[in-house]
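Encoded as structure tokens, the structure appears first; notes follow it.
The values are calculated or read from the model by the stated rules, or taken from the named source; none is laboratory data. These figures come from a predicted structure and were not determined experimentally.
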Amino acid sequence: MCFPRDEFMIGDHDVLLGEIGETPFYIHEKQYDYWKHTQLIIDVVDGRGGMFSLEGVEGKRFLGRSRVFTEEERDALKREA
């Protein structure tokens, strides 16, 4: 779900994954446990919205994709932690 920055209530179980356009992107820790072995990719594409979107007059929507980290990427992430 997408919220205006000042309307999103961060909970004790939310994990900050990073930023999209200087806007923080959070995921619940249970979702993080499921997806932590993947790179999550959030794109904006043409089309009407679905489950993960912002409806608007521009005809754009968010598209979430993922790919599994390679062994080398997992090792690099462990070293950074």
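Within the range 26-46, which residues are modelled with pLDDT under 90 and over 18 Å from Arg67 (Cα atoms)?
Val45, Asp46
Quick check on the range 61-71. Is at least one of its residues over 16 Å from the mean Cα position of the chain (by Cα) and modelled with pLDDT of 90 or more?
Yes, the range 61-71 contains a residue that is over 16 Å from the mean Cα position of the chain (by Cα) and modelled with pLDDT of 90 or more.
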